[in-house]
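The values are calculated or read from the model by the stated rules, or taken from the named source; none is laboratory data. Owing to the predicted nature of the structure, the values given are computational and were not obtained by experimental measurement. Cβ: placed from backbone, ideal geometry, glycine included. Neighbour counts: every protein chain shown.
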Amino acid sequence: MSDGTPWFKVWPQAGGIRRPLAVPPAAPPAHMKTVAEVVRDSRYPPRFLQIIPFAIAAVPPGASAETFVQFDRDFPYRMDALVFQFQGPTDPEFYASILVELPSGRRLTRQAVDAYSFNGTQGGKNYIPFRHRFNPTDIVQVLVSNSHASTPLALSGFVYGYKTTEESRL
C-alpha cells in the first residue's frame, strides 16, 4: 500500500528477522589505457593530419635567431612540408634565409636557403615540400638569418604532416 510516496511502492513491514546485507568486495581497478593504446585499439585511420606552429618574434638586422619544433611523444610523425610567412621590411623574402637542423645532426639543406628561392608560394606563404619521418619527441631546429641593414624581421610558420598510428615505411 502506498500513500503517494515515490520511494517505496510497499512500506516495510514491522517484525520479522532482520539480517545485515552482505556487500560483495569492491572490484579491483580496471587497467587504464594510455592515449596511444586507445588510438591503436580503436578504428581510427592510420594517420592524422597535424600542423605544428612555430614563430620567431624578431630577428635583429644582420643577426640570426632560432626556434625549436618538438614532436609529440605518442606516435611517429611524417613531415610533408615546412611553411613560412615573413613580416618586416618591404619584400622580407629577399632578406631572410632559413636553415633547418634535423635531429640526426644533418641539415635539411647543405647551407641556408634564401626565402625567395623556396619551391612554392601559396596563399601568401612560402613552403618547402620535404618528406621526412620523425620519431616521437624528436626536436627540429629552425634557424633564421636577417640580412637587412636596418629593419628587424619576424617569422611565423608551421610544420605540416601526419601522425602515423601504424608502422610506416617512410
Item checked: Search result, residues across segment 132-159 that are within 10 Å of residue 56 (Cα to Cα) and of a type in the set (Gly, Ala, Ser) -> 154, 156, 157
Next item on the list: Could you pull out the residue among 77, 44 that is at pLDDT 85 or above and of a type in the set (Ser, Thr, Tyr)?
Entry: 77
Next item on the list: Filter segment 75-100 down to residues that are without any contact (Cβ under 8 Å) to a residue 24 or more places away in the chain and either within 17 Å of residue 64 (Cβ to Cβ) or assigned to a strand (DSSP E or B) (or both), then give me how many there are.
Entry: 1
Margin query: For segment 124-167, give me every one of the strands (runs of 3 or more DSSP E) that falls completely inside it and has 2 or more residues that are β-branched (Val, Ile, Thr), at pLDDT 90 or above and farther than 21 Å from residue 95 by Cβ.
Written below: 139-146
Check: Quick one: what pairs do we get from segment 25-46, first residue under 11 Å from residue 165 (Cα atoms), second among the acidic types (Asp, Glu) and at pLDDT below 75, C-beta under 7 Å, 6+ apart or different chains?
Finding: 46/166
Check: Of the residues in segment 73-88, how many are surrounded by fewer than 18 Cβ atoms within 10 Å (Cβ to Cβ) and more than 22 Å from residue 129 (Cβ to Cβ)?
Finding: 3
